[in-house]
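Peer 1: Input: one structure, supplied below.
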Amino acid sequence: MNKIYIKYLKLLPVYILIQVLILNDILFFNYINPYIYVALIICWPIKNEEWILLVYAFILGFFIDLFTGTLGFHSTATVFVAFIRKSFIKIIIANNLLTENDEISQAKIGKKSFISFSFFIIFLHHLILFLLENLKINLEILLKVLLSTLVTLVLILILEIIKSSKNE
């Protein structure tokens, strides 16, 4: 088994516990609910097998659903963004920046590319999640999606700063 897979298997319970025990209890102004576990899908290495990422995303979403009592909403959203992620990689990230086992990070692909890539993945995740939860779309839902996306993006950027300071 690859070192990357072992690393991500170790990170899985950490992110799930942070999400379930801390972040799910945070709801700012009834609009903002950060979902930091999306960072695991964002940072997944490009060159690894796609089916493994889809299974990993399902397991991640399944455990979030299990602990939050939702009916597959998180699983659906995580599997969808894991599936569509490759398309955004081709559009936003240059091919020659990453080698086989490099994870997607701000240090590897640059600040602008990382923020753009992360924003689109997080936005799609939140859009699907909130649409499934509410079964309607209106300005209030779109505002919730946008604000939650921005807060989640800021938290993921803070994580990236922490990761890059550890690597130095």
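What follows is calculated from the coordinates using simple rules that are stated; it is not laboratory data. Only a predicted model underlies this, so the values are computations on that prediction, with no experimental measurement involved. Cβ: placed from backbone, ideal geometry, glycine included. Neighbour counts: every protein chain shown.
Peer 1: Rounded to the nearest Å, what's the spacing between the alpha carbon centres of the stretch 104-146 and the stretch 1-71? Just the number, please.
Peer 2: 15
Peer 1: Show me, for the stretch 34-39, the HN-Hα J-couplings you get by feeding each phi into the Karplus relation (A = 6.51, B = -1.76, C = 1.60, θ = phi - 60°), rounded to Hz, glycine and proline as x.
Peer 2: Residue by residue, the stretch 34-39 yields x, 10, 6, 5, 5, 4 Hz.
Peer 1: Among 17-27, 54-64, how do they line up from the highest to the lowest mean number of other beta-carbon atoms within 10 Å?
Peer 2: Descending mean neighbour count gives 54-64, 17-27.
Peer 1: On to the next question. Once every DSSP H run of n ≥ 4 in the chain is given -39500 (n - 2.57) and the sum is divided by its residues, what mean residue ellipticity at 222 nm do you get, rounded to the nearest 500 deg cm²/dmol?
Peer 2: Rounded to the nearest 500, it is -24000 deg cm²/dmol.
Peer 1: Have a look at ILE59, SER164, VAL14 and report the one farthest towards the positive end of the charge dipole of the chain, computed about the Cα centre with Cβ charges (Lys/Arg +1, Asp/Glu -1).
Peer 2: SER164
Peer 1: May I pose another question? Which listed residue (VAL154, ASN24, LEU135) has the Cα farthest towards the positive end of the charge dipole for the chain, taking +1 on Lys and Arg C-beta and -1 on Asp and Glu C-beta about the Cα centre?
Peer 2: Projecting each Cα onto the dipole axis, the largest value belongs to VAL154.
Peer 1: Just checking my list [x] 25, 18, 16; [y] 32, 19, 11; [z] 27, 18, 15 against semi-axes √(5λ) of the Cα gyration tensor in Å computed from this structure; which label fits?
Peer 2: Read-out taken from this structure: [x].
Peer 1: Could you give the size of the charge dipole of the chain about its Cα centre, using +1 on the Cβ of each K and R and -1 on the Cβ of each D and E, expressed in debye and rounded to the nearest 20?
Peer 2: Here the size comes out at about 340 debye.
Peer 1: Sticking with this one: May I ask you to list the trypsin sites (Lys or Arg not before Pro) in the stretch 71-168 that are in a DSSP loop and have at most 11 other Cβ atoms within 10 Å of their Cβ?
Peer 2: Of the trypsin sites (Lys or Arg not before Pro), the ones in loops of the stretch 71-168 whose Cβ has at most 11 other Cβ atoms within 10 Å are LYS136.
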